[in-house]
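For reference, the structure discussed in these notes is given below.
The values are calculated or read from the model by the stated rules, or taken from the named source; none is laboratory data. Worth saying up front: this structure is predicted, and the values here are computed from it rather than measured. Counting neighbours? That spans all protein chains shown, and the Cβs are built from the backbone with ideal geometry, glycine included. Ligands, DNA and RNA are stripped out before the accessible areas are found, and what is left, the full protein with its side chains, is counted by its heavy atoms. Shrake-Rupley method; radii C 1.70, N 1.55, O 1.52, S 1.80 Å.
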Amino acid sequence: MGGQRESDGRAGAADGDAALLRSVATGDAAAMAALYDRHAGWLHARLTRRCADPETVREVLQDTFVTVWRSAAGHRGQEAGGWLWTIAARRLVDARRAQERTARTAAPLEAAVGRHEPAGAPSAEDRVLAGLEYGDVGTALDRISPELREVLRATVVDGLSTREAARLLGIPEGTVKSRARRARAELRAALAQLNPSPIGGTA
């Protein structure tokens, strides 16, 4: 019974998000404020895990909701939290790239005196994030079901433990583990369809 209530609650939240986004698409500022109140907190927390600069986090969060305001009509019905995080992640990658360009332009002498990497260069984690949002991996992620995708993002992209992911997503730890296994299998299958191997391709 408890699992049913939990499932119904998540479905209700998803329906509520979809309704808010439809209203935002019509220019409803109150719906935009409600969507912000519902999602800004966890987006800020997740961005802070990836970026230590609070000013950058604030700017990315603001840019995310500006993008939502402008492109809500393009929401294709996928789970709203995943859609919002995709926008936020791309804005963060864009911010990192802008910082890298600024660092190269503003301090050419500093870079020439033996610094191996500009201060604003993307970290390995940022490069992984960029790979997850663009290219084949991003396309493959879009092909797996939303509930599996959000578990994969929480455990792989955000590096959360099973317990942390369960708390963030509001599902049992056992469900996180089983969904993570299914997500990896579906992701491998989606990538295989995108990049069929020329070796052993006959079944």
Q | Every residue from region 167-185 that is open to solvent by less than 70 Å² (accessible area, probe 1.4 Å), part of a helix (DSSP H, G or I) and modelled with pLDDT of 80 or more | A | 174, 175, 176, 178, 179, 180, 183, 185
Q: Could you grab the pairs with beta carbons closer than 8 Å, sequence gap of 6+ or different chains, first residue in region 38-59 and closer than 22 Å to residue 80 by Cα, second one outside any helix (DSSP H, G or I) and open to solvent by 20 Å² or more (accessible area, probe 1.4 Å)?
A: 49/159
Q: Tally the residues that are in contact with a helix residue (DSSP H, G or I) (Cβ under 8 Å, 6 or more places away or on another chain) and either of a type in the set (A, V, I, L, M, F, W, C) or assigned to a loop (DSSP other than H, G, I, E, B) (or both), restricting the search to region 48-75.
A: 10
Q: Could you list all residues from region 51-89 that are touching an Asp or Glu at 6+ places or on another chain (Cβ under 6 Å) and either over 19 Å from residue 154 (Cβ atoms) or at pLDDT 85 or above (or both)?
A: 89
Q. Is one or more of the residues making up region 37-48 at pLDDT below 95, open to solvent by less than 50 Å² (accessible area, probe 1.4 Å), out of contact with any strand residue (DSSP E or B) (no Cβ under 9 Å at 6 or more places or on another chain) and farther than 22 Å from residue 155 by Cβ?
A. yes
(Q) All but one of (1) closer than 18 Å to residue 147 by Cβ; (2) of a type in the set (Gly, Ala, Ser); (3) within 14 Å of the chain's Cα centre (by Cα) hold for residue 89; state the number of the condition that does not hold. (A) (1)
